[in-house]
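Single-structure report; data block below.
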Amino acid sequence: MNNIKIAPSLLAADFGNLQRDVELVNSSQADWHHIDVMDGVFVPNISFGMPVIKSIAAHASKPLDVHLMIIDPDRYIKTFASLGANVLTVHYEACTHLNRTIQAIKAEGMMAGVALNPHTSISLLEDSISDIDLVCIMSVNPGYGGQKFIKNTFSKVRALKALIVDKKASTLIEIDGGVNADNTKALVEAGADVLVAGSFVFNAQDPTATISNISKLANT
């Protein structure tokens, strides 16, 4: 039995009924709430701001997995800690001093995550993998939900898993983008530990059953 975490992405939730969808995740077999924060600069879109995350946190009974798709993320580390983030993921491409950023996140008591865009090589994490709690592999180009899964992700996950094993690290591998019932098993076999699913969950007729189905596929 695997212990794969499912993290529905609230970017795909119904913003007019956000409390309802947060509570849906609470009562489902999901493990985390995945929250994408976009600034319109690092990615061509803008999403949740601080007040919205504060209200999500007020209703969430499961850990908040916050993914910062923003420039200069260091400015906001303390803020997201105070909002209740359990995992804080920054983009490799947005950090000038990655190691310092990772340490700053950990100092606030959060798990430190590093996200890689589809074109960014795993090898760039060789020197810091032992300090990273989670690596988020973007399996779509960041900025929009509902995109098509990039096939090269599988070999990237395998390469990352090999690096983690080689360095005797305990880093989790998260996949974000285009995750669905068709690729769940293959992603887990490649080495994934956390699966982020957005539109596949929230566009489904029965999101709770869809979460349950992905969890079952991932964990059997």
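Overview of results
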{"item": "Fluctuation leader among 66, 25, 165 - the chain, Gaussian network, Cα springs under 10 angstrom", "result": "165"}
{"item": "Highest-fluctuation residue, 18, 172, 124 considered, GNM on the chain with Cα pairs under 10 Å", "result": "124"}
{"item": "Per-q log10 I(q)/I(0), the range 87-220, q = 0.19 Å⁻¹ (Debye; single scatterer per alpha-carbon; no solvent)", "result": "-1.09"}
{"item": "Listed residue pairs exceeding 18 Å between alpha carbons, taken from 78/106; 161/185; 156/216; 54/78", "result": "156/216"}
{"item": "The range 1-142 - Kirkwood radius from inverse mean 1/r over Cα pairs (Å)", "result": "15.5"}
{"item": "Long-range HN-HN contacts of residue 197 with modeled amide H, under 5 Å", "result": "7, 9"}
{"item": "Helical segments meeting 30 Å axial Cα length and Kyte-Doolittle 1.6 threshold in the chain (DSSP H)", "result": "none"}
{"item": "The chain: relative contact order in percent, alpha carbon pairs under 8 Å with at least 6 residues between", "result": "23"}
{"item": "Net lengthening on full extension, residue 52/residue 107 (0.36 nm per residue, minus Cα-Cα)", "result": "17.4 nm"}
{"item": "Most mobile listed residue (77, 56, 46) in the chain, GNM with C-alpha springs under 10 Å", "result": "46"}
{"item": "Fewest-first ranking of 128, 55, 123, using other Cβ atoms within 10 Å as the exposure measure", "result": "123, 55, 128"}
{"item": "Exposure proxy order (Cβ contacts within 10 Å, fewest to most) of 119, 34", "result": "119, 34"}
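Read the figures in this text as sums done on the coordinates, not as results from a lab. All values reported here derive from a predicted model rather than from experimental measurement. Ideal geometry is used to build each Cβ from the backbone, glycine not excepted, and the neighbour counts take in all protein chains shown.
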